[in-house]
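Single-structure report; data block below.
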Amino acid sequence: MFTRFRRKRLSPVLRDLLQETRLSVDDFIYPLFVRGGEGIRNEVASMPGVFQMSVDEIVRECETLKELGIRSVILFGIPETKDSVGSDALCEHGIIATALRQIKKTHPDLFVVTDLCFCEYTDHGHCGILDPVLETVDNDLTLVNLGKQAVIHAKAGADMIAPSGMMDGMITAIRSALDEAGYAHIPIMSYSTKFASSWYGPFRDVAESAPSFGDRRSYQMNPANRREAILESLEDEKEGADILMVKPALAYLDIIRDIREASLLPLAVYNVSGEYSMLKMAAKAGVIDYERVMMETLLSFKRAGADIIISYHAKEAARILLELP
Ligand code: PBG
Ligand code: ZN
């Protein structure tokens, strides 16, 4: 006998009527990796389909994204030179500021978010200035530089700033730096609950940002901690974050739900590099139906409570959602 559940699953129309969560191209922010030079489009071996691109190629890529209905990107920079403080990120002619001006000139309608951190710009690969005695990132010196970096991004045309360094007090520091410089209208999407995760491995190949010694466990969170994960996001809300984030996504669906219930702010998730590569490699090995597994995975983030999904899958997902070839 078809009873309670199965009679509502027989018709595809009724199944659609009863679907509780949906993906849309409006949910996505697509990550882009920009480097110097011209005509460069280097695919990264560990992330098939993801490229380091020079500014001219990024500008062309943005056209493709808009055709797919993707209207927002998050920018990561690979500078020509790195040093102990990450000077490229503090300079108006650094890679991100340069890319921002070009992108916004050609695509003023694209919503450009910038990742705000120092690990791609420092020669030691840590997310800020080092304290020589403690051999870890100096929190308060880094806050000053995060404020400067944020203002450089805003001035170059960033539409939203996304600090990812997990420094204490970073939202307060960045908010006041932006406000004082006349950028009170620029929102902050905080990587508010970011774990010290091994799922970032492939990203560090693309962004060339692996730490040269040690790891990030003195600033990113312990994956074992749930209460602290909620506190981290609530603290950033108090400090004035406009949007919260959980990162990574797939192994942290419980945390996404927890923060969804603890705060009324919009919530983003970062479907990180290792999550992307895992599906790509499984598909290559012929183990999974890639498109279906991808869509099911992305949908799970919405079901867990995410409003925004930052994902390397965004282009492929958009093609499916828009029924393009
Ligand atoms: C920079 C940053 C990282 C990611 C986003 N911003 C790397 C890290 O913290 O080591 C990871 C993104 C990914 O794995 O896709 N702090
Ligand atoms: Zn960093």
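The values are calculated or read from the model by the stated rules, or taken from the named source; none is laboratory data. Given the structure is predicted, the values throughout are model-derived calculations rather than measurements. Because the Cβ atoms are built from the backbone with ideal geometry, glycine has one as well, and the counts that use them run over all protein chains shown. Remember, those area values only see protein heavy atoms, side chains included, never the ligands or the DNA or RNA. Shrake-Rupley method; radii C 1.70, N 1.55, O 1.52, S 1.80 Å.
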Would you mention how many residues in region 4-47 are of a type in the set (A, V, I, L, M, F, W, C), out of contact with any Gly (no Cβ under 7 Å at 6 or more places or on another chain), within 30 Å of residue 101 (Cβ to Cβ) and modelled with pLDDT of 95 or more?
6
Within region 262-289, which residues are within 12 Å of ligand 1 (Cβ to nearest atom) and part of a helix (DSSP H, G or I)?
273, 274, 275, 276, 277, 278
Take region 288-325 and flag every residue that is open to solvent by 70 Å² or more (accessible area, probe 1.4 Å), without any contact (Cβ under 8 Å) to a residue 60 or more places away in the chain, over 17 Å from residue 19 (Cβ atoms) and not acidic (Asp, Glu).
325
Give me the residue from region 290-322 that is under 15 Å from residue 48 (Cα atoms) and in contact with a strand residue (DSSP E or B) (Cβ under 6 Å, 6 or more places away or on another chain) and, out of that set, nearest to ligand 1 (Cβ to nearest atom).
312
Going through region 117-150 one residue at a time, which ones are within 12 Å of ligand 2 (Cβ to nearest atom), among the hydroxyl-bearing types (Ser, Thr, Tyr) and either assigned to a loop (DSSP other than H, G, I, E, B) or surrounded by fewer than 19 Cβ atoms within 10 Å (Cβ to Cβ) (or both)?
121
Can you tell me which residue in region 210-261 is farthest from ligand 2 (Cβ to nearest atom), limited to those that are assigned to a strand (DSSP E or B) and among the β-branched types (Val, Ile, Thr)?
243
For region 20-28, check the following and say yes or no: at least one residue is over 21 Å from residue 323 (Cα atoms), out of contact with any helix residue (DSSP H, G or I) (no Cβ under 6 Å at 6 or more places or on another chain) and of a type in the set (S, T, N, Q).
no
Within region 210-231, tally of residues that are free of Cβ contacts under 8 Å to residues at least 60 places away in the same chain and either hydrophobic (A, V, I, L, M, F, W, C) or open to solvent by less than 40 Å² (accessible area, probe 1.4 Å) (or both):
6
Filter region 174-217 down to residues that are modelled with pLDDT of 95 or more, under 29 Å from residue 35 (Cβ atoms) and small (Gly, Ala, Ser), then give me how many there are.
8
Residue 161: passes all of (1) assigned to a loop (DSSP other than H, G, I, E, B); (2) within 14 Å of ligand 1 (Cβ to nearest atom); (3) among the hydrophobic types (A, V, I, L, M, F, W, C) but (1)
Could you please let me know if residue 182 is surrounded by fewer than 18 Cβ atoms within 10 Å (Cβ to Cβ) and of a type outside the set (A, V, I, L, M)?
yes
Filtering region 112-122 down to residues that are of a type outside the set (D, E, K, R) and touching a residue at least 60 places away in the same chain (Cβ under 8 Å), which residue is nearest to ligand 1 (Cβ to nearest atom)?
119
Under the condition of being outside any helix (DSSP H, G or I), touching a strand residue (DSSP E or B) at 6+ places or on another chain (Cβ under 8 Å) and open to solvent by less than 20 Å² (accessible area, probe 1.4 Å), which residue from region 193-209 is farthest from ligand 2 (Cβ to nearest atom)?
193
Picked from region 157-179 (must be more than 25 Å from residue 221 (Cβ to Cβ) and open to solvent by 10 Å² or more (accessible area, probe 1.4 Å)), the residue farthest from the chain's Cα centre (by Cα) is 179
Pull out all pairs, ordered by first then second residue, where Cβ-Cβ is under 6 Å, the residues are six or more apart or on different chains, the first lies in region 72-89 and is on the phi < 0 side of the Ramachandran plot, and the second is open to solvent by 10 Å² or more (accessible area, probe 1.4 Å) and at pLDDT below 95.
78/208
Going through region 173-226 one residue at a time, which ones are over 24 Å from residue 160 (Cβ atoms), basic (Lys, Arg) and within 12 Å of ligand 1 (Cβ to nearest atom)?
217
